[in-house]
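Below is one structure; the comments refer to it alone.
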Amino acid sequence: MGVRPVPLVEGEFYHMYNRGADKRVLFKDNADKQRFLKLLYISNSVKPINLRNTLRKNSNPYDYERGEVLVHISAYCLMPNHSLCLGES
């Protein structure tokens with residue numbers, strides 16, 4: 001993974017995406033998508049997280065007290081072989 005040549009600037013918007021290796025499918029089913037969204041929400045935090053406690057089958061991740069967020073996600077789109085996020089740092 002390379003180093004970003006231009007630093008991220010607070011208050012700016014950035015288009016970020018993730019792609020599957022060899023263009024493979026990222027999400028096999030709806031449960032995979034839901035797990036990704038839970039992790040996206042929970043891990044957007046300045047607090048350390050314990051995934052064992054936050055991803056229990058019957059727990060609501062949005063009840064988890066994550067503290068201050070790292071970035072503000074304005075929009076996202078989950079597609080079969082990649083995901084996109086548009087957010088502000």
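Non-local amide H neighbours of residue 45 (under 5 Å, H modeled in plane, Pro and chain starts lacking H): which ones?
70
Once fully extended, how much extra length lies between residue 49 and residue 62, figured as 0.36 nm per residue of separation less the alpha-carbon to alpha-carbon distance?
Extending this stretch completely gives an extra 3.3 nm.
Within the range 2-73, report the trypsin sites (Lys or Arg not before Pro) that DSSP leaves as loop and that have at most 14 other Cβ atoms within 10 Å.
Loop-located and lightly packed - 24, 28, 56, 57.
Which far-off residues, 5 or more places away or on another chain, put their amide H under 5 Å from the one on residue 27, with H placed in the peptide plane?
Amide H neighbours of residue 27: none.
A short reminder: the numbers here are calculations on the coordinates, not readings from a lab. Keep in mind that what you see is a predicted model, and the values were worked out from it rather than measured. As a convention, Cβ positions derive from the backbone with ideal geometry for all residues, glycine included, and neighbour counts pool all protein chains shown.
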